[in-house]
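So the structure is just underneath, and the comments pick up after that.
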Amino acid sequence: MGWKTNILPDHVLRRLPPAERKPLGKAGLTNAEAGAVADRRAERVLQNEMEGILRQRNLFFVRSRMDKRTSTRRGLPDFIIVLHGERALLVEAKVHRGQVSEDQAKVFADYCLQTGGVVHLILNLPAFIELLNSKTK
């Protein structure tokens, strides 16, 4: 098609096939796609900060990588933290627009039904610190 500009309105971008938008790079993303990219980036930053807090407190945890296909069961929470007394703390990090996937909703529901436990949804670092403080007293 050969567009002469790399700034196209969202209503035009939504109607173009992805193959035609790809050469435009970031300018070829729709508003929804750009928002999803920003959310993934913000969620990765939040998870890295959470991991740093866990390492500072010398807590044992399991975290799946975001940059590679999972090698664990799809839908598992971002962090499984082992606490004193054989207790586990399951934590899912999301940013303001993030939503739990269908796989996650099923795994979380199964976990809650089978164990009576809770999967904690964390939206920011202060909430995570507050949760850790309440669970590690």
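Where a number appears in this text, it was derived from the coordinates with a stated rule and is not lab data. As the structure is a computational prediction, the values presented were derived from the model and not from experiment. Cβ atoms come from the backbone with ideal geometry, glycine included; neighbour counts cover every protein chain shown.
The calculated FRET efficiency for R74 paired with L131, based on their beta-carbon distance and R0 = 25 Å, is about 0.55.
Extension gain for the segment L16 to L113, taken as residue separation times 0.36 nm less the Cα-Cα distance, is 30.5 nm to one decimal. Highest average first, the peptides 15-22, 104-111 ordered by how many other beta carbon atoms sit within 10 Å of their residues are 104-111, 15-22. Taking every DSSP bridge with both residues inside segment 31-135, close to 70 percent are antiparallel.
For segment 31-135, the relative contact order is 25 percent, taking Cα pairs closer than 8 Å that sit 6 or more residues apart in sequence and dividing their mean separation by the residue count. What is the calculated FRET efficiency for N31 to V82, with r their C-beta to C-beta distance and R₀ = 41 Å, to the nearest 0.05? With a Förster radius of 41 Å, E is 0.50. Multiplying the residue separation of L59 and L121 by 0.36 nm and removing their Cα-Cα distance gives an extension gain of 20.4 nm.
Taking the Cα atoms only, what angle lies between the long axis of helix 31-56 and the longest principal axis of the chain, rounded to 10 degrees? That works out to roughly 30 degrees.
Please report, to one decimal in angstroms, the Kirkwood hydrodynamic radius of the chain built from all distinct Cα-Cα pairs. Averaging 1/r across every pair of different Cα atoms and inverting gives 17.3 Å. Relative to the 2.2 N^0.38 Å rule of thumb, segment 54-125 has a C-alpha radius of gyration ratio of 1.12.
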